[in-house]
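Data first, discussion second: the structure below is written as structure tokens.
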Amino acid sequence: MAPSMPPSSHDSKQDVLDMLRELAELTQIDEADPQSFRVRAYETAAQAIAAQASDLGRLTVEELREIHGIGKSTADKIRELLETGRVRKLEELRAKHPPGVVALLRIQGLGPKSVRRLRAELGVDSIDSLRDALARHAMRGVAGFGAKAEQKLAESLARLEAQGSLERTPISVALPLATRIVERLRQVPGVSHAAYCGSLRRFAETIGDVDVVVAASDPAPVMDALVSLRVVERVLGRGDSKASVVTHRGTQIDLRVVGAHQLGAALLYFTGSKTHNIELRQRALARGMTLNEYALSELDGGRVVASETEEQIYAALGLPWIPPELREGAGEIAAAERGALPARIGDVIGDFHVHTTVSGDGRSTLEEVVAAARARGTRVLAITDHAEGTRSGVGREALLEQRARIRALRAELGDELLLLHGVELNIGPNGELDYDAEFRRGFDWCLASVHDRFELDRAAQTRRIVTAMRDPAVRMIGHLSARMIGARPPIDVDLDAVLAAAEETGTALEVNGALPRLDLSADALRRARERDVTFVLTSDAHHARELERVGFAARNAERAWVGPDRIANAWPAERLCAWVRREPREIA
Ligand code: DGT
Ligand code: CA
Ligand code: CA
Ligand code: ZN
């Protein structure tokens, strides 16, 4: 038997407060008036609720109205939230004023009135489009703005950027950080489980903050361990069972310590997404239960139905366990109910983008890479060092010498591992490729990628990539967008044209698992999934230990609902080998 759960009042109270604050903020934008009566009504109500100790979930509209500061319309919205998990008015306002618009209010010198005007006159609806408008000096033509206002805004924006407050943490920073922290907390005596949750567990490409959930018999030593970590710059707050800290690089970590019997409910809640949580809670309500961060329990009497594992909670809601990568409120609950979730990717038996010391930037030898791949159970491995067109690339002789070594190794390896001699070609500005057609044909596997000239316009980028795809030796396009998350924007390509060319030529598209890249992105994969293209998951390893990154590519593909049937290196070995060895195409 699970012990009784703590009161749910805090949880519903927090939801009500969030709702009221969001309503106030969005109404302010909607009415373009910070002094509006409605905005003040929401703010007053929020203050009144914050001061309330009682369990909001059980109050009727009439009882809510008796709380000083809450009017009829606000009381109705609170009931609507508690009963259905959503508020129509709030959803309306959210649709009308997307997060990009709300973010503009964070900039000093921009109030609701000026946001409305910039949006109407210049289409400014996000920080990015504001940055563009500033760069084009477009504001000088808008009434109420001038060169001076423009300069002030540019300064405010630059300040925010300098503080990093506009930025989220790229997954390449957050994931290793969170992994280390979780490993440390696992060592604390009394800890039975430690995991990162939030957007990081969902495998989002940028992270607002890192949420960590720990199950322990005593929270105090866990929090002591967190605040004394070397990466921690300062402690933002500390309570009995939770703490927030900021690392030197400016990433916030939120820790929550729970009892082992509540672990599943806490993992589920703090993994989110918020939309997924809200949908789950609605589902619980429809079944006479309530779901919060402590437990799934009966509305009537409060008996705990499930709390220890995520599986138990989903099961009690009539659902299979849903992988975190899918928990974005994009129809996953309905799909789970129909048994229509995408199949999990499972074993990835090949890697088709791997560097060795033959590349100037590779750090493991061929032998080291092969040993590591064997240890992972890899069945097909393409060694793909850089071709001469890139700075770290090599000429024909070095590649021919490598080919001889690979042929010798292949004979030794037998059936266990099919070792291929590949190369990563560089796509020139006009789609030209390294060496000549004859030399390229000598490889077992060629991928081609963009490594420079990121500034070309959409037509030129699209043309160079499609031209490379038409080369009969090219089997796959590597990291299509060439982006570096949080550091280098994607190149401008016409994705639909590239997908059409991939269909036509049979060229595979890479899902690069290097965390700074994750390219194709989940967004691009969602679009590509609609077309008849084959994907290949790769590590783009430059060191033997980086072969594990093929697993990150798999998580990114799962996030985009791409199933194993679409992924060549998730196919059975026989089918994969047949696909790899197919005859070169006719020249298109
Ligand atoms: P982030 O940090 O912006 O990248 O995104 P998340 O999803 O990690 O969001 P965060 O850190 O604010 O909260 C972690 C999880 O906690 C979130 O995914 C769902 C849950 N959560 C947070 N606030 C609320 C809320 O107001 N209502 C509900 N139902 N869940 C919430
Ligand atoms: Ca978070
Ligand atoms: Ca958080
Ligand atoms: Zn590479």
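The values are calculated or read from the model by the stated rules, or taken from the named source; none is laboratory data. Treat the numbers as computed from the prediction; the structure is a model and nothing was measured. Every residue, glycine as well, gets a Cβ built from its backbone with ideal geometry; the counts of neighbours run over all protein chains shown. Note: accessible area is taken over every heavy atom of the protein model, side chains too, but ligands, DNA and RNA are not part of it. Shrake-Rupley method; radii C 1.70, N 1.55, O 1.52, S 1.80 Å.
For region 482-500, name all the residues that are of a type in the set (Gly, Ala, Ser) and open to solvent by 20 Å² or more (accessible area, probe 1.4 Å). Break it down stepwise before answering.
To start, the set of residues in region 482-500 that are of a type in the set (Gly, Ala, Ser) comprises 482, 486-487, 497, 500.
Scanning region 482-500 gives 486, 487, 497, 500.
Of the residues 94, 58, 79, 88, which single one is at negative phi and at pLDDT 90 or above? Please lay out each step first, then the result.
Details: 94 fails: at pLDDT 90 or above; 58 fails: at pLDDT 90 or above; 79 fails: at pLDDT 90 or above.
After ruling out the rest, the residue left standing is 88.
Would you tally the residues in region 488-522 being part of a loop (DSSP other than H, G, I, E, B), more than 23 Å from residue 570 (Cβ to Cβ) and touching a helix residue (DSSP H, G or I) at 6+ places or on another chain (Cβ under 9 Å)? I'd like the intermediate steps shown before the answer.
If we filter region 488-522 for residues that are part of a loop (DSSP other than H, G, I, E, B), which is where we start, we get 489-494, 506-507, 513-518, 520-521.
With more than 23 Å from residue 570 (Cβ to Cβ) added as a condition, the list becomes 489-494, 516.
Subsequent filtering for residues that are touching a helix residue (DSSP H, G or I) at 6+ places or on another chain (Cβ under 9 Å) retains 490-494, 516.
Qualifying residue count for the region: 6.
From the residues in region 250-259 that are modelled with pLDDT of 95 or more and over 12 Å from residue 226 (Cβ atoms), which one is surrounded by the fewest Cβ atoms within 10 Å (Cβ to Cβ)? Break it down stepwise before answering.
Of all residues in region 250-259, those modelled with pLDDT of 95 or more come to 253-259.
Those still in the list that are over 12 Å from residue 226 (Cβ atoms) too: 258-259.
Values: 258: 24, 259: 20.
Result: 259.
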Scan region 227-239 for residues that are within 16 Å of ligand 2 (Cβ to nearest atom) and more than 26 Å from the chain's Cα centre (by Cα) and report the count.
1
Give all pairs with beta carbons closer than 7 Å in which a residue from region 193-220 that is in the same structural domain as residue 552 (by TED's automatic domain parsing) meets a residue that is part of a strand (DSSP E or B) and near ligand 3 (Cβ under 9 Å from one of its atoms); count only pairs at least 6 apart in sequence or on separate chains.
none
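Could you tell me how many of the residues in region 509-536 are under 19 Å from residue 495 (Cβ atoms) and open to solvent by less than 10 Å² (accessible area, probe 1.4 Å)? Steps first, please.
Within region 509-536, the first condition is being under 19 Å from residue 495 (Cβ atoms), and the residues that meet it are 509-512, 517-536.
Within this subset, residues satisfying the condition of being open to solvent by less than 10 Å² (accessible area, probe 1.4 Å) are 509-512, 518-520, 522, 525, 528, 533, 535-536.
Looking only at that region, the number is 13.
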For region 228-249, give me each residue that is open to solvent by 50 Å² or more (accessible area, probe 1.4 Å) and away from ligand 3 (no atom under 14 Å from the Cβ).
228, 230, 233, 234, 235, 238, 240, 248, 249
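Quick check on region 432-445. Is at least one of its residues outside the structural domain of residue 208 (by TED's automatic domain parsing) and touching a His at 6+ places or on another chain (Cβ under 7 Å)? I'd like the intermediate steps shown before the answer.
So the first thing to find is which residues in region 432-445 are outside the structural domain of residue 208 (by TED's automatic domain parsing), and the list is 432-445.
From what is left, the residues that are touching a His at 6+ places or on another chain (Cβ under 7 Å) are 443-444.
Yes, because at least one residue in region 432-445 is outside the structural domain of residue 208 (by TED's automatic domain parsing) and touching a His at 6+ places or on another chain (Cβ under 7 Å).
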Considering only region 202-211, I want to know if a residue exists there that is out of contact with any His (no Cβ under 9 Å at 6 or more places or on another chain) and away from ligand 1 (no atom under 13 Å from the Cβ).
no
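Only residues that are of a type in the set (A, V, I, L, M, F, W, C) and under 18 Å from residue 438 (Cβ atoms): list them for region 405-428, please.
423, 425
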What is the one condition in (1) assigned to a helix (DSSP H, G or I); (2) open to solvent by 40 Å² or more (accessible area, probe 1.4 Å); (3) at pLDDT below 75 that residue 11 does not satisfy?
(2)
Residue in region 228-247 that is nearest to ligand 1 (Cβ to nearest atom), counting only those that are in a loop (DSSP other than H, G, I, E, B) and polar (S, T, N, Q)
241
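Give, as residue ranges, the helices (runs of 4 or more DSSP H) completely inside region 138-227 that count at least 2 residues that are touching a helix residue (DSSP H, G or I) at 6+ places or on another chain (Cβ under 8 Å) and open to solvent by 50 Å² or more (accessible area, probe 1.4 Å).
Values: elements: 147-163, 171-186, 198-201, 219-227.
Once the helices (runs of 4 or more DSSP H) in region 138-227 are filtered for at least 2 residues that are touching a helix residue (DSSP H, G or I) at 6+ places or on another chain (Cβ under 8 Å) and open to solvent by 50 Å² or more (accessible area, probe 1.4 Å), nothing remains.
At least 1 residues that are more than 32 Å from the chain's Cα centre (by Cα) and either under 23 Å from residue 471 (Cα atoms) or among the basic types (Lys, Arg) (or both) in each: list the helices (runs of 4 or more DSSP H) lying fully within region 360-456 that qualify.
Working: elements: 366-375, 396-413, 437-441.
Filter on region 360-456 gives 396-413, 437-441.
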Which of the residues spanning region 175-226 are under 30 Å from residue 484 (Cβ atoms), more than 10 Å from ligand 2 (Cβ to nearest atom) and in contact with a Ser or Thr (Cβ under 7 Å, 6 or more places away or on another chain)?
177, 205, 206
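Tell me which residues, restricted to region 266-295, are of a type in the set (Ser, Thr, Tyr) and open to solvent by 40 Å² or more (accessible area, probe 1.4 Å). Don't jump to the end; show me each part of the working.
Here is the first cut: in region 266-295, the residues of a type in the set (Ser, Thr, Tyr) are 269, 271, 273, 275, 290, 294.
Selection gives 269, 275, 294.
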Expected single match for part of a helix (DSSP H, G or I), touching a strand residue (DSSP E or B) at 6+ places or on another chain (Cβ under 8 Å), of a type in the set (A, V, I, L, M, F, W, C) and within 11 Å of ligand 1 (Cβ to nearest atom) among 267, 263 is 267
